[in-house]
Every structure is written in C-alpha cells, then in structure tokens.
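Comments concern the structure below.
Derivation of every value follows stated rules applied to the coordinates shown; laboratory data play no part. The structure presented is a predicted model; accordingly, all values stated were derived computationally and were not measured. Don't worry about glycine lacking a Cβ; one is built from the backbone with ideal geometry, like all the others, and counts go over all protein chains shown.
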Amino acid sequence: MREITLDELRTADGREGRPAWIGYGGRVYDVTGSFLWKGGVHEARHAAGRDLTAELEDAPHGVEFVERFPMVGRLITKGGST
Amino acid sequence: MAKVAREMVERAGVNVDQLLELLVKNAAAELTTYYYYTILRVNLIGLDGEGIKEIAEVARIEDRNHFEALVPRIYELGGKLPNCMKEFHDTSACPPANLPKGPRDIKAMLQTLVEAERCAVRGYTHICNLTAGKDHRTYDLALAILNEEIEHESWFSEFLGEGPSGHFMRHGETSPFVSKFLK
C-alpha cells in the first residue's frame, strides 16, 4: 500500500484544481469527486489535506461515510504510520 | 442585520460566519430538494407510485417552507444568499436528489427520497449541536426543521420496509413545527 506523509497529504487540499484527500484512522481517502467536498471543504468546517480522525468524532455521521471513498494509501508520520 | 442579536451569538462562542455558511448550504439543500422532488413526484405514477405521491408532495412543500424559514435568520445574522442560482445549487449541503435512471423503479425513487431526508437530518442535528445553549433562535429554528425532516425520513423508510414510522401522515396544514417561523 502506498505510504503518504502529512506533507504530501497537505498538498491535496482540493483547491485550485488539486485533488482532495483526507486522512482518517491512519488511511488516506480521495474525496475529490464528492459533491459534498467541493473546493476541498466539507460542511463549512472540515478541510481536505488534513488528518480528520479527531474531527469525525463530532460529525453527525459515522466512519462509513469516509470508507465509501477510494483509499489512496496509508498515512505515515515521522515516527511511522499514524 | 440584527446587530445585537449577532453579537450575542458571537459572545456565546459561536463562529457566526461558519454558522452562516452552514445555514446558506442548508437553505440551498432545501430549495434544490424542492426542485428535485417536483420531478420525483411527477414520476411517482402507477399502482405503486400513486401510493407514495402524496407524502412526496408533503415533503416537497415542507422543504420549500424550510427554505423560507431559513432565509430571514441568514439575513438577521448578517449573511446573504448568493446572487447566482447555479452557485447556490452547487453549494448545497446535500447532493442532488436526482430522478433514478429507472424512473419506474419505485424502490430506487424511495431510496433517493430517504437519502435526501437522512442528509437533512444529519445537517440539522449538526446545527442544533453547534447552537444549543448559545444561539437560541437558530437552535429553535433548526430543531423545528429537524422535527419535520425526521418525520419525512420515517415516512419513506416505512415504505422501504424498514419498519413503522409510528405516526400518520399530515392531515390539513403542512409544517406543524416550522409554521411558527412562517407567520
């Protein structure tokens, strides 16, 4: 599985035509084609290009809404995978 | 703009600009749903479709009422609707409730309807969570809309065989919860 650093994730912010990726639970998902992630922002609060694991705890939906998107790879930090 | 009203909400710790964006997105969802439900309702025909047409119509009218009820609050807080209708459509908090490819597939129609309502239930639950105890007027409005969206979801869910809704459909006037904001 492809390994993606936080720096690489940050570049996929969904703005100016760039792909929109989000991190969740140590994995990276591609939300580029989603109607609900236009411009790399979801529900005015959540930005693509970041690890949203903590933010999902307050969301009015579960992880199944993240897992329906294509997985791009595994999110790694300096010390290894998250 | 209701200057002091906005100030009170800000002082309570609500990010008003972010809240306004959410209110506009949900207003867009309501108006676009009203539009897409019009097409769905027109296509609910035949022995199976006719049985669902009336609740689809009630949900359609009530979603338009939700749009009407949201607009004053948006302007009170200093927000506004986009000038461009296309931009407004594309900012919607929920995906378009498009007519399924098989427009005589009643189950697919019901799935579209119930998914739209579920998106709305999530959205207003989120707004209630953000405003509870902080922005009383927006909370009251979002809660009223949420009550109706939950009923819509349960109606369509019942037709999908997921279990009883627990109540009858409307008799008489629409929007029993939101009507106080429309007077």
Positive-end extreme of charge dipole, region B:31-116 - chosen from B:46, B:96, B:66 (charges on Cβ): B:96
Grab the Cα-Cα distance for residue B:3 and residue B:38, subtract it from 0.36 nm times how many residues apart they are, and report the gain in nm with one decimal. 8.8 nm
Got a sec? How would B:165, B:92 order by Cβ neighbour count within 10 Å, fewest to most? B:165, B:92
Amide H to amide H under 5 Å from residue A:73: which residues, 5+ apart in sequence or cross-chain, H placed 1.01 Å off N in plane? A:28
Amide H neighbours of residue A:14 under 5 Å, at least 5 residues apart or on other chains, H built in the peptide plane: list them. A:20, A:21
If I histogram all Cα-Cα distances within chain B using bins 5 Å wide from 0, what percent of pairs lands in each bin? 1, 8, 17, 21, 18, 15, 9, 6, 3, 1, 0, 0
Per-residue Cβ neighbour rank within 10 angstrom, fewest leading, B:168, B:156: B:168, B:156
For chain A, what's the relative contact order in percent, using C-alpha pairs closer than 8 Å and at least 6 residues apart? 38
Connecting C-alpha atoms closer than 10 Å in a GNM of chain B, tell me which of B:56, B:29, B:108 has the biggest fluctuation. B:108
By average Cβ neighbour count within 10 Å, what is the ranking of B:82-88, B:99-105 from highest down? B:99-105, B:82-88
Tensor-based shape of region B:83-183 (alpha-carbon gyration tensor, a/c under 1.5 rounded, otherwise prolate or oblate): oblate
Projected onto the charge dipole of chain A (unit charges on the beta-carbon of Lys, Arg, Asp and Glu, signs +1, +1, -1, -1), the Cα from A:20, A:56, A:37 with the largest positive-side position is that of A:20
Which whole number gives the average, over all residues in A:35-46, of C-beta atoms from other chains lying within 10 Å of the residue C-beta? 4
With +1 on the Cβ of every Lys and Arg and -1 on the Cβ of every Asp and Glu, the dipole magnitude of chain A about its Cα centre, in debye rounded to the nearest 20, is 220
What's the tally of Lys pairs in the protein assembly as shown whose alpha-carbon atoms lie under 14 angstrom apart, where the two lysines are 8 or more places apart or on different chains? 5
Within the set of other residues whose C-beta is less than 12 Å from the C-beta of residue B:54, count the net charge using Lys and Arg as +1 and Asp and Glu as -1. +2
Among B:47, A:56, B:40, B:182, which comes first, then next, by fewest other beta-carbon atoms within 10 Å? B:47, B:182, A:56, B:40
Regarding region A:1-73, what's the average projected area of the Cα-atom convex hull, expressed in nm²? 4.5
Quick one: Cα centre-to-centre distance for region A:33-82 and region B:63-129, in angstrom? 22
What does the charge dipole of chain B about its Cα centre add up to, to the nearest 20 debye, if the Cβ of each Lys and Arg holds +1 and the Cβ of each Asp and Glu holds -1? 400
With the dipole of region B:3-181 worked out from charges on the C-beta (+1 for Lys and Arg, -1 for Asp and Glu) around the Cα centre, which of B:4, B:127, B:37 lies farthest toward the positive end? B:4
For the protein assembly as shown, the convex hull over Cα atoms projects on average to an area in nm² of 16.5
